[in-house]
Amino acid sequence: METEAVYSEDSYLSTMEARLVRIESERALVFDRSNFFPAGGGQPGDQGFIERPDGTQVPVLDTRYTEDRSAIALVVGEGVTLPEPGEMVVLHVDWGRRYQLMRMHTALHLLTVVCPYPVTGAAVGEEEGRIDFDLPEAETDKAEVTVRLMALVEANHPVSIRWITDEELDANPSLVKSANVRPPRGAGRVRLVAIGANGEIDSQPCGGTHVSETQEIGEIHISKIEKKGKTNRRFRLRFGPAAS
């Protein structure tokens, strides 16, 4: 890919230097490297700002892949002077927002451990996340799911990244939990998010950003379980204690 996805190896790198390669339509700036995460896999793109050498700040409203997915583009606000191609700048991720998304995304991975059903959809939010499961007609107690989820959080399992080949993924199809979305292929390797020593708690393909240990998630609970179809159940996950 034209842009080096630095966030994929270090989710905690909130500030770094980068060189502007080009400006695409709609004020989308493509850099040679990026600590900004582009929207994908249910996780929204990062926000923040670009700092030019003279101290001028250019707000970043969204981050996304270019149409052909060959690069990452930072979408900036209007009414500001843009840097020139070739200019070195400092990229500042909105860390408070990013860290919330990292915590929630990791919590959603743990929810797929507690509820080992095919995933039909997901969304990562700053305060609330959700997963849709292909779940048979059966009552599921949200308090019980919360207790089991918090047990994994409090056990403080390590969270790490490792890469496997396309062939290794083919040999281990159970790693893919999504029922309708397959991991991107063609690059020769697939990024896995592993929870627990050697991935003993969970391992699944994912391009998102995550915390380094489960205790960082903090207190979290299932706020609602909604019936969205004959076998589709939507689990909503929120930070903080459950309402009494």
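The values are calculated or read from the model by the stated rules, or taken from the named source; none is laboratory data. All values derive from a computational prediction rather than experimental measurement. Please note: Cβ atoms are built from the backbone with ideal geometry, for glycine as well, and neighbour counts cover all protein chains shown.
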Test: residue in the stretch 122-142 that is in contact with an Asp or Glu (Cβ under 8 Å, 6 or more places away or on another chain), closer than 28 Å to A5 by Cα and of a type in the set (V, I, T): no
Out of E78, E9, E26, E84, report the one residue that is loosely packed, with under 14 Cβ neighbours inside 10 Å, under 30 Å from V153 (Cα atoms) and not assigned by TED's automatic domain parsing to the domain that holds Q215. E9
Which pairs do you get when a residue that is over 18 Å from D166 (Cα atoms) and touching a residue at least 40 places away in the same chain (Cβ under 8 Å), found in the stretch 190-201, comes within reach of a residue that is of a type in the set (S, T, Y) and surrounded by 18 or more Cβ atoms within 10 Å (Cβ to Cβ), reach meaning Cβ atoms under 7 angstrom, with the pair 6+ apart or on two chains? I195/T214
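Among strands (runs of 3 or more DSSP E) lying entirely in the stretch 142-244, which contain 3 or more residues that are in the same structural domain as V113 (by TED's automatic domain parsing) and under 16 Å from the mean Cα position of the chain (by Cα)?
Fully inside the stretch 142-244 and qualifying: 159-165, 189-195, 202-205.
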State the number of residues belonging to the stretch 12-23 that are in a loop (DSSP other than H, G, I, E, B) and surrounded by fewer than 18 Cβ atoms within 10 Å (Cβ to Cβ). 2
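Kindly indicate whether E168 is modelled with pLDDT under 95 and of a type in the set (D, E, K, R).
Working: modelled with pLDDT under 95: yes; of a type in the set (D, E, K, R): yes.
For E168, the condition - modelled with pLDDT under 95 and of a type in the set (D, E, K, R) - is met.
Can you work out which of the residues in the stretch 40-58 that are assigned to a loop (DSSP other than H, G, I, E, B) and over 11 Å from V75 (Cβ atoms) is modelled with the lowest pLDDT? Can you show your working first?
Let us first name the residues in the stretch 40-58 that are assigned to a loop (DSSP other than H, G, I, E, B), namely 41-42, 44-47, 52-56.
Next, only the ones that are over 11 Å from V75 (Cβ atoms) stay: 41-42, 44, 52-56.
On the way: G41: 89, G42: 93, P44: 98, R52: 96, P53: 95, D54: 94, G55: 94, T56: 93.
Filtering first and then ranking leaves G41.
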